[in-house]
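Asker: Have a look at this one before I ask anything.
The values are calculated or read from the model by the stated rules, or taken from the named source; none is laboratory data. Nothing here was measured: the structure is a model prediction, and the numbers come from that model. Glycine also receives a Cβ, built like all others from the backbone with ideal geometry; neighbour counts cover every protein chain displayed.
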């Protein structure tokens, strides 16, 4: 068994790094910790996300259950999140749907990566 000490970050591809940074900062409230022309490290609380610029990158996943980043949203903010996504013209790909103990919706980031927003009651 490999003994892991911690999770450092999760990496995602992006063909348009600036657009992806803007999405995670403006829509999901991440902060930029480091940025170059090839990658950016974004942070949300203790979670780090590395966005890597890859020419021509398109997420090949066609099923959000294959892989998605899942973020918990406060129940009171869930309805507001729907309104904000509509205002920013970000398509809700799945949902909102009732799940056990809450509600869920799935969107895609500019690189096509699946993002789940959900709340727990």
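Asker: Name the residue that is nearest to residue 39 (Cα to Cα), counting only residues in the stretch 86-108 that are outside any strand (DSSP E or B) and in contact with a strand residue (DSSP E or B) (Cβ under 6 Å, 6 or more places away or on another chain).
Answerer: 90
Asker: What are the pairs with Cβ atoms under 7 angstrom where one residue, in the stretch 78-104, is farther than 19 Å from residue 26 by Cβ and the other, located anywhere, is part of a helix (DSSP H, G or I)? Sequence gap at least six, or different chains.
Answerer: Final answer for the pair search is 96/82; 103/78.
So that you can scan it fast, the table gives a plain yes or no per residue for (1) in contact with a helix residue (DSSP H, G or I) (Cβ under 8 Å, 6 or more places away or on another chain); (2) surrounded by 14 or more Cβ atoms within 10 Å (Cβ to Cβ); (3) outside the structural domain of residue 85 (by TED's automatic domain parsing):
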residue: 2; (1), (2), (3): no, no, yes
residue: 13; (1), (2), (3): no, yes, yes
residue: 25; (1), (2), (3): no, yes, yes
residue: 28; (1), (2), (3): no, yes, yes
residue: 32; (1), (2), (3): yes, no, yes
residue: 49; (1), (2), (3): yes, yes, yes
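Asker: Go over the candidates 113, 52 one by one and state the one that is touching a residue at least 40 places away in the same chain (Cβ under 8 Å) and under 12 Å from the mean Cα position of the chain (by Cα).
Answerer: 113
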